[in-house]
Amino acid sequence: MSRAALLVLADGRFPAGGHAHSGGAEAAVKAGRVSGAASLEDFCRGRLHTAGLVSAALAAAAALGGDPVALDGAADARTPSPALRVAARKLGRQLMRAARATWPSEELDAVAREFPKGTHQPVVLGLAARAAGLGAVDAAYCAAYESVSGAATATVRLLSLDPFDATGVLARLAPEMDRVADQAVPAGRRAVDEGVDVLPAASGPLLEVSAEAHASWPVRLFAS
């Protein structure tokens, strides 16, 4: 197993489409809930322990060989917002294209055929990690990190926030990312053994409501 593959997969320059999405930060900035480094940290912490935990568990389960169809259904059930489901599938489709080009895999090809319009991004992330020879913990860490790094990067653009401050937020959240990954991997393993109903279902209702409002804006910087 090449641990360097994890760096490739988690690299923000990996062409998976994440740069076009703010993880809810754009709506939060407009509403005044994110206005600087301190409020960004609170926002990211909330994302990490809700959407981030769910994504990390889904990714871990996929990396462990869980049924992609069942995992996709579980992701749908845990994403009440239609706008967020559309965004997750778009991101999954883009990540699938990048993963198939980087780590050719019959499993990725089969899932791409099964879901021509895309499956949820965390499921594809786990499959990509598996194709790259990585394990469930790698997939979980990648998902947890993505759940906060996208919002932090977007806020730099939205508020002209000092990039050093945004990076400091991510560094301070690192111990909590460890805890999320520690919860996600056993949950993913249980999902493979017992079924997807045991996966975490933590939610951030304000993220879901804000995503629907954001999708209706005639002008916006980010797709979600």
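Which residue pairs have Cβ atoms under 9 Å apart, sit 6 or more places apart or on different chains, and have a first residue in the stretch 116-145 that is on the phi > 0 side of the Ramachandran plot and a second that is β-branched (Val, Ile, Thr) and buried (at least 24 other Cβ atoms within 10 Å of the Cβ)?
Partner pairs satisfying both residue conditions: 118/124.
What are the residues in the stretch 66-81 that are surrounded by 15 or more Cβ atoms within 10 Å (Cβ to Cβ), within 15 Å of residue 114 (Cβ to Cβ) and among the charged types (D, E, K, R), if any?
If the condition is that a residue be surrounded by 15 or more Cβ atoms within 10 Å (Cβ to Cβ), within 15 Å of residue 114 (Cβ to Cβ) and among the charged types (D, E, K, R), then 67, 72 are the ones that fit.
Go through 89, 97, 78 for me and flag whichever is closer than 18 Å to residue 184 by Cβ, of a type in the set (D, E, K, R) and modelled with pLDDT of 95 or more.
Step by step, each of 89, 97, 78 is checked, and only 78 is closer than 18 Å to residue 184 by Cβ, of a type in the set (D, E, K, R) and modelled with pLDDT of 95 or more.
Being part of a loop (DSSP other than H, G, I, E, B), touching a Lys or Arg at 6+ places or on another chain (Cβ under 9 Å) and farther than 24 Å from residue 86 by Cβ is the filter here; which residues of the stretch 110-143 pass it?
The one that is part of a loop (DSSP other than H, G, I, E, B), touching a Lys or Arg at 6+ places or on another chain (Cβ under 9 Å) and farther than 24 Å from residue 86 by Cβ: 134.
Tell me, yes or no, whether the stretch 190-206 has at least one residue that is at pLDDT below 95, part of a helix (DSSP H, G or I) and closer than 21 Å to residue 80 by Cα.
Within the stretch 190-206, one or more residues are at pLDDT below 95, part of a helix (DSSP H, G or I) and closer than 21 Å to residue 80 by Cα.
Okay, residues lined up against (1) without any contact (Cβ under 8 Å) to a residue 24 or more places away in the chain; (2) of a type outside the set (D, E, K, R); (3) within 18 Å of residue 169 (Cα to Cα):
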| position | (1), (2), (3) |
| --- | --- |
| 29 | no, yes, yes |
| 47 | no, no, yes |
| 52 | no, yes, yes |
| 55 | no, yes, no |
| 69 | no, yes, no |
| 83 | no, yes, no |
| 91 | no, yes, no |
| 94 | no, yes, no |
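Suppose the filter is closer than 30 Å to residue 40 by Cβ and part of a helix (DSSP H, G or I); does residue 86 pass it?
So residue 86 fits the description; yes.
Find the residue count for the stretch 132-190, including only residues that are surrounded by 16 or more Cβ atoms within 10 Å (Cβ to Cβ), of a type in the set (Asp, Glu) and farther than 18 Å from residue 52 by Cα.
1
Within the stretch 1-40, work out how many residues are modelled with pLDDT of 90 or more and closer than 19 Å to residue 211 by Cα.
Counting residues in the stretch 1-40 that are modelled with pLDDT of 90 or more and closer than 19 Å to residue 211 by Cα gives 18.
The values are calculated or read from the model by the stated rules, or taken from the named source; none is laboratory data. Keep in mind it's a predicted model, so treat the numbers as computed, not measured. When we count neighbours, we look across all protein chains shown, and the Cβ atoms used for this are built from the backbone with ideal geometry, even at glycine.
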